[in-house]
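Undergrad: So that we are looking at the same thing, I have put the structure below in structure tokens.
Please treat every number below as a calculation from the coordinates, not as lab data. These figures come from a predicted structure and were not determined experimentally. Here the Cβ is made from the backbone with ideal geometry for all residues, glycine too, and neighbour counts use every protein chain on show.
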Amino acid sequence: MGAPNHLNPAQRRIGLTGGIATGKSTVADYLRDRYQLPILDADRYAREVVAVGSPVLQSIRDRYGASILLADGQLDRQKLGAIIFADPTERQWLEQQTHPAIRACFERDLAQLPAEATVVLVIPLLFEAGLQSWVQEIWVVACPPEQQCDRLIHRDRLPVTEAEQRLAAQWPLTQKCEQADIVIDNSRDRAFTFQQVDQALERSFSQI
């Protein structure tokens, strides 16, 4: 994706990442609702850049044909996921289409925030895409691999083989945790998770 050109060095930027289905959205929602922190979410931008009528969606249609679209013209994300997670070459091609557009969304919204803002950038592929320089600190939301796989299967209603393909496309959680400034253990109830978030944010603010 490359680093945005308009990152304000005065902004406090927390990179929130982890593995698929580990609970990043749960933590991001809590930071937004409890602390009123602005949340910039790469997944939301990923949906925005493939909206009906977008150049990226047209490129995807050109490559895979009209069958990649739903009846209303929107992208069939489940069908596309089955393609790209089964073939690293196709996944790389898709990232080449989407990452520049997602970067532009980050730049647009970061530029609108105050210089003194503390902002959370939710970037699932932060490590995989080499985006550590985007942020001052990195929080990884983690849980045991077996729990992660089970959550993914139930959340997205996937067969085990497809869930395993999606997990294999990302760095192992252990590797991400080793490079994190903060690890949030999301293996138990929300109260346990949120207590860690409170403590992590308190430490973060005390270092400013």
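Undergrad: Given the options Ala180, Ala163, Ala71, state which has the largest fluctuation in a GNM of the chain using a 10 Å cut-off (strictly under) for Cα springs.
TA: Taking springs between Cα atoms under 10 Å, the residue moving most is Ala71.
Undergrad: Further question: Under 1.5 on a/c is rounded, so check that first for the range 134-185, then, if it is not, pick prolate when a/b is larger than b/c and oblate when it is not; a ≥ b ≥ c are the square roots of the alpha carbon gyration tensor eigenvalues. Kindly include the intermediate steps, with their values, before the conclusion.
TA: Values: a/c = 2.54, a/b = 2.18, b/c = 1.17.
In terms of gyration-tensor shape, prolate.
Undergrad: A follow-up question, please. What do you get for Rg/Rh over the range 43-112 if you use C-alpha atoms and the Kirkwood form of Rh?
TA: Working: Rg = 12.4 Å, Rh = 12.6 Å.
Dividing the radius of gyration by the Kirkwood radius yields 0.98.
Undergrad: Charges at C-beta only: +1 for Lys and Arg, -1 for Asp and Glu. How large is the resulting dipole of the chain about its Cα centre, in Debye rounded to 20?
TA: Working: 22 positive and 27 negative charges, 49 e Å.
Computed about the Cα centre, the dipole is about 240 debye.
Undergrad: Once you place label points 7 Å from the Cα toward the Cβ at Asp33 and Ala117, how far apart are they in nm?
TA: Going by the 7 Å Cα→Cβ label model, 2.2 nm.
Undergrad: Sticking with this one: With a Förster radius of 35 Å, plug the Cβ-Cβ distance of Glu178 and Ser54 into 1/(1 + (r/R0)^6) and report the FRET value to the nearest 0.05.
TA: Numbers: r = 37 Å, r/R0 = 1.05.
For R0 = 35 Å, the calculated efficiency reads 0.40.
Undergrad: Where the centre of each part is set by its Cα atoms, how far does the range 77-120 sit from the range 23-47, in angstrom?
TA: Using only Cα atoms, the two centres lie 15 Å from each other.
Undergrad: Say R0 is 41 Å: what FRET efficiency, to the nearest 0.05, do Ser133 and Arg155 get from their beta-carbon distance? List each step's numbers first, then the result.
TA: Details: r = 31 Å, r/R0 = 0.75.
It comes out at approximately 0.85.
Undergrad: Rounded to the nearest 0.05, what FRET efficiency do Ala104 and Arg61 have when you use their Cβ-Cβ distance and R0 = 25 Å? Walk me through the intermediate numbers first.
TA: Working: r = 21 Å, r/R0 = 0.82.
Efficiency, from the Cβ-Cβ distance: 0.75.
Undergrad: Let me ask something else. Considering only DSSP states other than H, G, I, E and B, which trypsin sites (Lys or Arg not before Pro) in the range 121-170 qualify as loop sites with at most 10 other Cβ atoms within 10 Å? Could you put the intermediate results ahead of the total?
TA: Numbers: sites: Arg151, Arg155, Arg157, Arg166; in loops: Arg157.
Passing sites in the range 121-170 are Arg157.
Undergrad: For the chain, what class follows from the C-alpha gyration tensor (a ≥ b ≥ c being the square roots of its eigenvalues): rounded when a/c is under 1.5, otherwise prolate if a/b is larger than b/c, else oblate? Show your work: numbers first, answer last.
TA: Working: a/c = 2.00, a/b = 1.30, b/c = 1.54.
Here the chain falls in the oblate category.
Undergrad: Based on DSSP, what percent of beta bridges with both residues in the chain are antiparallel, to the nearest 5?
TA: On the way: 1 of 18 bridges.
Once the DSSP bridges in the chain are tallied, antiparallel ones form about 5 percent.
Undergrad: Given Leu69, Tyr35, Ile84, which one lies farthest toward the positive end of the charge dipole of the chain, if we put +1 on the Cβ of every Lys and Arg and -1 on the Cβ of every Asp and Glu?
TA: The one lying farthest along the dipole's positive direction is Leu69.
Undergrad: Rounded, prolate or oblate: pick one for the range 91-131, where a ≥ b ≥ c are the square roots of the eigenvalues of its C-alpha gyration tensor, a/c under 1.5 means rounded, and failing that, prolate if a/b is larger than b/c, else oblate. It would help to have the intermediate numbers written out before the result.
TA: On the way: a/c = 3.97, a/b = 1.84, b/c = 2.15.
Note, shape of the range 91-131 comes out oblate.
Undergrad: Tell me the mean residue ellipticity at 222 nm calculated for the chain from its helices only (DSSP H runs of n ≥ 4, each -39500 (n - 2.57), averaged over every residue, nearest 500).
TA: Values: 9 runs with 105 residues, N = 208.
When only DSSP H runs of four or more count, the value is -15500 deg cm²/dmol.
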